[in-house]
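The numbers here are math on the coordinates, done by the rules we state, and not lab data. Predicted, not measured: the structure shown is a model, and the values here were computed from it. Using ideal geometry, Cβ is built from the backbone for each residue, glycine included, and neighbour counts are taken over all protein chains shown.
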Amino acid sequence: MFEIVFLGTSASAPSIHRGLSSQVVKHNEYRFMIDCGEGTQRQILKSGIGFKRLNHILITHGHLDHILGLAGLFSTFSRWETIEEVTIHGGKYALERIYNLLYGVQIIHPRKSQIAINFEEISPGTIFEDDGFRLSAFSVTHRGPDCFGYLFEEKPRRPFLSEKADALGVPFGPERRDLVNGKAVTLADGRTIHPDEVLGLEKPGTRLVHVGDTGRTDDILPFCEGADTLVIEATYLNEEEDMARQFAHLTAAQAATLAKEAGVGKLILTHVSRRYRERDIYEEATRIFPNTVVARDFDFYQVRRGECIKVEPE
């Protein structure tokens with residue numbers, strides 16, 4: 001399961017009800033912030049998720065409305081000393097701008113700061129992995145170089161069939177753990193039990209795709225196919241399709257068409273322009289792909305295989 005919290009959903013400039021682009025994706029003990037528009041640290045406080053374990057920041061591209069909040073965020077980090085190390089993942093252009101933002105005006109003093117900041121230049125492919133999931137980057141087309149989308153993907157697994165293990169006399173404990181991990185075990189009576197005897201057919205894991213600003217969908221279709229949830233921009237409506245093309249953004253209809261062609265489970269639209277009413281964005285998209293929502297600040301979704309559920313605050 002993945003969880004995603006929307007901290008900012010506005011395009012280009014904040015509005016009364018929407019902050020600038022930022023989301024946090026959670027998986028077990030990991031947290032990944034995607035972009036950090038101006039004012040994000042206040043959105044974190046309002047959301048209640050806190051600053052702990054924000055050790056990975058993923059940057060979609062280097063435009064200021066997606067990175068300017070890093071200055072305030074790291075200023076707070078340096079005062080509160082809540083985090084010892086942070087890795088910022090992004091393209092070369094974005095990382096250069098962020099470095100100048102943080103160090104050029106000494107938001108972070110390289111000799112006095114207690115925070116270790118790692119700048120990791122990424123390219124398409126796997127950028128983070130553990131035993132249970134993989135995080136990959138893929139190129140998207142927007143204004144400027146080194147723009148990326150991100151795919152969060154749980155690794156396929158074979159379910160453990162307890163009834164078969166019971167019938168074979170496999171005791172509870174390390175033997176079952178080893179079988180789940182693909183290792184054969186020898187029981188006390190000398191019998192050897194192989195994983196295939198107690199594991200079911202492989203099941204695909206949950207897939208969450210996040211795309212920031214982009215002006216095309218054909219080049220990202222393969223990465224979106226079969227995703228349980230697709231989060232993507234919808235900066236314009238079809239009535240201003242020419243402007244969308246000019247500034248390398250999508251219309252709500254284009255985002256919905258991508259979701260339909262890719263066979264995703266749920267479409268979540270973000271990067272919303274102040275020029276439109278939310279219901280107009282929603283109506284344009286749902287005419288093409290009914291299972292669409294327009295994200296609002298502080299929306300919280302849980303993404304599982306085959307479903308995406310909005311969690312209401314307690």
Report summary line: Ranked from fewest to most other Cβ atoms within 10 Å of their own Cβ, ARG191, ARG207 fall in the order ARG191, ARG207
Report task. Quick one: compute a quarter of the convex hull surface over the Cα atoms of the range 22-161 and quote it in nm². Result -> 9.5
Report task. May I ask you to sort SER21, SER47, SER15 by Cβ crowding, counting other Cβ atoms within 10 Å and putting the fewest first? Result -> SER15, SER47, SER21
Query raised in the report: Relative contact order, percent, of the chain when contacts are C-alpha pairs under 8 Å separated by at least 6 residues?
Result: 17
Requested in this report: Obtain the nm distance between the two label points defined at THR286 and GLU29 by a simple spin-label model: each point lies 7 Å from its Cα along the Cα-to-C-beta direction.
Outcome: 4.2
Report summary line: Placing +1 on each Lys and Arg Cβ and -1 on each Asp and Glu Cβ in the chain, then taking the dipole about the Cα centre, the residue among ALA167, LEU101, ALA256 whose Cα reaches farthest towards the positive end is LEU101
Report summary line: Which of LYS92/LYS310; LYS92/LYS155; LYS203/LYS260; LYS52/LYS183; LYS46/LYS260 exceed 31 Å between C-alpha atoms? The answer is LYS92/LYS310; LYS52/LYS183; LYS46/LYS260
Requested in this report: With runs of 4+ DSSP H residues as the only contributors, calculate the mean residue ellipticity of the chain at 222 nm using -39,500 (n - 2.57) per run, divided by the residue total and rounded to the nearest 500.
Outcome: -6500 deg cm²/dmol
Report summary line: Most exposed first, judged by fewest Cβ atoms within 10 angstrom, PHE148, PHE6 run PHE6, PHE148
